[in-house]
Each structure stands twice: as structure tokens, then as C-alpha cells.
Amino acid sequence: MNKWIQRGITAFVYILLLFSITKCHRERSLDYRCYHYHHETDTIRTYIALRGDAFAFDDFPVGFHYRLLQHYSRDQYLPSAIYPPFYISDPWEKLMSGDMDIIAFDTSRDTIPTQYADKVIFSLPIAENYVWVTSAEKGDLMHNINYWLGIFSNNAEFETLEQTYLRVYRIKHHLENMTQTPHISPYDHIIKRYSKTLDWDWRLVAALIYQESRFSMGAVSSRRAIGLMQIKESTALHYGVSDVFNPDNNIKAGTRHLRYLENMFIREGMDSSNVVKFTLAAYNCGEGRIQECMEFCRGVGADYRDWEEMCRIIPMMRDPQAHIPGTTIKRFNGSETIRYVDDILSRYEQYRFAVLP
């Protein structure tokens, strides 16, 4: 081939490359959006194998990795399926079989099962103690992850995630020093938005969420209640909400259920204070159980629309001999539900003192 033709082809290739780089700059997507992993499926399947925010004492790593994985899948132009801790029985086996792509892992608190230790590869460190893990067979995926992390971790968005999720929210400190803070958790903006649909003080909903999960979006109960407001998938679907691991969806479903319960007690003619207390109680033990308690109150001549009266009557329902003729009311201990309501209202008072409206 004529050397001038060769030089012309080379120059044309350089011009195309320069155009591509310039286009990426214009789109603010150079580095991590112009370099994609060609995934064999249309979804990046990820699992967060972290226990760090079970009680939210130190930070919120599950929420941090959830948002980071969302950013990664967004920049790959692929949807993601993100599973919460404890939700899958053996995620490492699924990683080996190809049913899972990435596992977020805490190197300081957890260990990889011995049988898989030499079959996985690690990403660059993330916020010191964390890594993402893939099977050793997916070296191209890990190469892509490291390329993306190397750039994104120096991005302002990454710094915001760290400041939001990997910090301590010291409400006790403000109570002790008689100061106020605008923050309770990383999810305040979501709580505020959905609290408006209830016309409740957002700090009251936050107090309920603390009681349910300590603001751990990775909490999964033995009954498969999930996330911040401990919502079952079946309950969420009833309100038209799916993927309750997503904190926005979780709080949306939880507040819709609260609204349903609230309306039920409003129809009973209760005052606003009792509506809130009965709603909280029903959220804890179920509306059917609270309706039985109300029926029992009526049966013994007590005011079934007054929570304080209800608390006085409920201990009578612990007696296996207690029975109201013509009813099928079951025995009910009730102490947990009474304590649940008291704890939420007590914490709400603390939030009212230490947290700005």
C-alpha cells in the first residue's frame, strides 16, 4: 500500500478517536460512560453481603453500596437487580454459577467462604474497607469495574455518597448539648416527601422507621419483611409497589399502609391523637388484632376509642379464660405492641427537641 495512503488512513483514525473523546467531554461522560462492559444479559445482578448497618450505630454501608451500584449500572446503561443482605441463602454459589454478577463485601467484618476464596477476584478498595467481588471467570467485568471506580471515586458524586452514608448521625449528642440538627438519617428527604401524604410530622415517621429497622435498609426479618419500614413484598404489591429493597419504594409502601390504617381509625370517630396511636399499634401487630382488642373493650364496657383505656384492658386478654360471649377473640399478650407505641412516641419527642422540622 502506498505510504501516503497509509498515512491518510492513520490520520483519519486519529481524527475519529479525537472526535469520540471530544464528544465524551461534551457529555461529561468521559472515563466511565464511554467505556462499557458488554454484559451477557440485560441486567447487572448484584448482592450486598454487608452486616454493618444492622443497628445503624456507625454508618449505613448497605445504603452506600446500593447507591454506588445504581451509579455503576446507570453509567453502563444497564438496569440492575440489587438484592439485600440475608435475602439469598448462598450468594457465593450463585456468583460461581453466573446467576450473580457482583457481591459487595466488607473486608474488615466478614470473610469469604473457604471453598470460594480462590475462585473470586476483588475490585479496588472502596472507602477503605469495602470491595466488590466477581467470579475469577469474569475478569473483563472486574477490569471494567476497576476502571469505573478509579474515575468515579474521584468524582463529587462519590464524595456526596460518603458524606451521606458513611457517617454517624448523633441525635443523642444534640439532646445532651441542647442543640438541633436538620438530619436524622440518610433517608430524610424520602421520609419528608411521603410523610406529606399522611399529613404527619416527618419526624414521627422517622421515629417509626427507627423502631422498625434502626434505618437499616438491609434489614430482613424472619417473616421476610424487608427494609426501612419492614414491608412484606405482598403488602407492597397490594399498594402497587414493587422492589421494596429500594428505600424510596419501601417508604412509599409503608406510608401508604399507614394511610390505610389511619383512615380505618378515623372512621371510628377517634380524635387525632388516638388515631395516631391506634395506627402505630396496628402497624405493629396488624389491624385485625387491634379490631379484636376494640371488640374486647366494647364487650367489657370500656372506651374502645381511647388508647390509654385500651392499654388498661389489653392485659385482661392475656388470660386464657378471658372470653366475650358471641365473639371469637383470641388470646393476646399485647405488651410488645404497647411498648412499641410508647417507644415511637418517646423517640418522636426526642426528635422534636433535637431535630429541626
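None of the figures in this text is laboratory data; all of them are computed from the coordinates on show. Since the structure is predicted, the reported quantities are computational estimates derived from the model, not experimental observations. Cβ coordinates were reconstructed from backbone atoms using ideal geometry, including for glycine residues, and neighbour counts include every protein chain displayed.
How much net charge surrounds Met229 when only other residues with a Cβ under 13 Å from its Cβ are counted (Lys, Arg +1; Asp, Glu -1)? Taking every other residue near Met229 into account, the sum is +2. Dipole check for the range 44-165: with +1 at the C-beta of Lys and Arg, -1 at the C-beta of Asp and Glu, and the Cα centre as origin, the magnitude is about 220 Debye.
Once you reduce the range 145-216 and the range 242-301 to the center of their Cα atoms, the two points are 26 Å from each other. In the range 222-357, taking the dipole from charged Cβ atoms about the Cα centre, the farthest positive-side position among Phe265, Ile251, Ile314 is held by Ile251. An oblate overall shape is assigned to the range 97-145, the ratio a/c of its alpha-carbon gyration tensor axes (a ≥ b ≥ c) being 1.5 or greater and a/b not exceeding b/c. Scanning residues 5 or more positions from Val120 or on other chains, those with amide H under 5 Å from its amide H are Ala136, with H placed 1.01 Å from N in the peptide plane.
Among residues other than Gly301 whose Cβ falls under 14 Å from its Cβ, what is the net charge (Lys/Arg +1, Asp/Glu -1)? Residues near Gly301 contribute -1 overall. With contacts taken as Cα pairs under 8 Å at a separation of at least 6 residues, the range 44-165 carries a relative contact order of 27 percent. For Ile251, the shell of other residues with beta-carbons less than 13 Å away shows a net charge of +2, using +1 for Lys and Arg and -1 for Asp and Glu.
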